[in-house]
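Trainee: Mind looking over this structure? Questions follow.
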Amino acid sequence: MSTIVDAPEAYFSRFVRKDDPLLQELEMEAETEHIPIVGPVVGELLYVLSRAIGARSILELGTATGYSAIFLGRACASNAGSLTTLELDPALAARARKNLERAGLENRANVICGDALAHLPRIEGAFDFIFMDIEKAAYLHALPECYRLLRRGGLLVADNVAFPDADRFNQAIFSDSRWRSVPLFAFLPKHSPERDALCLALRC
Ligand SMILES: C[S@@+](CC[C@H](N)C(=O)[O-])C[C@H]1O[C@@H](n2cnc3c(N)ncnc32)[C@H](O)[C@@H]1O
């Protein structure tokens, strides 16, 4: 009978990238200040997915210090595209702008300060990729706008869907034939929290 490796968490932690000083600084800062960020595995996943679909236009809901925005901005940059990212907290939005500038992405990323739910109706699509990472109870309310703003065949990734507050979102997207979605429960090193789920959804 085959079985998986012993201590899979320790084993897979060996495959986490640690080669970017700026990202490592932001990871340490997030740990010290208890800022919930996606961490290096989900960051890399966002990069891989957005590059894989050739995303040129990316929207992020929930910037914090710009950690995930750096992965998304870099993916955009390699496709000569751009990132729009929304953050409620003005101090965090200012920090994210600085960090994106340090990453050399100031001409690729636009940080908008405001409530994503209030701002979304004012945005025009079509985006190739949307990453949703705001308070989980808001996911359900943001879903119709994500549908409107994504192009057909575009990808929605929602973080932290293992939280009870995301339950109504999980139920809604799973039962809506306009989306093909898969919730992925996983061990995610340095993600906040490390055992959590992401929803990957294709807009049909
Ligand atoms: C989990 S953190 C985002 C982390 C970031 N995506 C990363 O991984 O680097 C969630 C952020 O969303 C912001 N936020 C919460 N509700 C929001 C809303 N309605 N509109 C915009 N931003 C919101 C919070 O201020 C917080 O900075």
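Trainee: Give the separation of the Cα centroids, segment 3-54 to segment 78-126, in Å.
Mentor: Cα centres, segment 3-54 to segment 78-126: 21 Å.
Trainee: While we're looking at this one, here's another question. Only loop residues by DSSP count here, and only those with at most 12 other Cβ atoms within 10 Å; note down the GluC sites (Glu not before Pro) in segment 95-204 that meet that. Please list the in-between numbers first.
Mentor: On the way: sites: Glu101, Glu106, Glu124, Glu135, Glu145, Glu194; in loops: Glu106, Glu124, Glu135, Glu194.
Hits after loop and neighbour filter: Glu124.
Trainee: Residue separation times 0.36 nm, minus the C-alpha to C-alpha distance between Ile53 and Ser78: what's the value?
Mentor: On the way: separation 25, 0.36 × 25 = 9.00 nm, distance 1.20 nm.
Between Ile53 and Ser78, full extension yields an extra 7.8 nm.
Trainee: Additional query: Taking neighbour counts of Cβ atoms within 10 Å as a proxy for exposure, in what order, fewest first, do Leu150, Leu143 appear?
Mentor: On the way: Leu150 23, Leu143 20.
Ordered by Cβ neighbours within 10 Å, fewest first: Leu143, Leu150.
Trainee: Based on the alpha-carbon gyration tensor of segment 127-204 and its eigenvalue square roots a ≥ b ≥ c, which shape applies: rounded if a/c is under 1.5, prolate if not and a/b is larger than b/c, or oblate?
Mentor: On the way: a/c = 1.77, a/b = 1.56, b/c = 1.13.
Cα axes put segment 127-204 in the prolate bin.
Trainee: Are there DSSP H segments in the chain that both extend 15 Å or more along their axis (alpha-carbon positions) and score a mean Kyte-Doolittle hydropathy of at least -0.5? List them, or say none. Before the final figure, lay out the partial values.
Mentor: Numbers: long enough: 21-33 (18 Å, -0.63); 39-52 (20 Å, 0.95); 67-78 (18 Å, 0.93); 90-102 (18 Å, -0.86).
Long hydrophobic helices here: 39-52, 67-78.
Trainee: Let me ask something additional. Just going by the charge dipole of the chain, with Lys and Arg at +1 and Asp and Glu at -1 on Cβ, which of Val16, Ile53, Ser192 is farthest out on the positive end?
Mentor: The one lying farthest along the dipole's positive direction is Ile53.
Trainee: Okay, next question. For Val38, which sequence-distant residues (separation of 5 or more, or a different chain) have an amide H within less than 5 Å of its own amide H, given hydrogens modelled in the peptide plane?
Mentor: Amide H to amide H, under 5 Å and 5 or more residues apart or across chains, Val38 pairs with Ser68.
Trainee: Right, another one. Ranked by Cβ crowding within 10 angstrom, fewest neighbours first, how are Phe129, Phe15, Phe169 ordered? All intermediate terms of the calculation are to be shown ahead of the outcome.
Mentor: Values: Phe129 28, Phe15 10, Phe169 22.
Exposure proxy ranking, most exposed first: Phe15, Phe169, Phe129.
Trainee: Quick one: length gained pulling Ile4 to Ala172 fully straight, 0.36 nm per residue minus the C-alpha distance?
Mentor: Roughly 57.1 nm would be gained on extension.
Trainee: Just want the ordering: Phe174, Phe71, from fewest to most Cβ atoms lying within 10 Å of their own Cβ. Please report the intermediate quantities before stating the final value.
Mentor: Details: Phe174 14, Phe71 28.
Lowest to highest Cβ neighbour count: Phe174, Phe71.
Read the figures in this text as sums done on the coordinates, not as results from a lab. Keep in mind the model is a prediction, meaning the values are calculated, not measured. Heads up, the Cβs are rebuilt from the backbone with ideal geometry, glycines too, and the neighbour counts pull from every protein chain shown.
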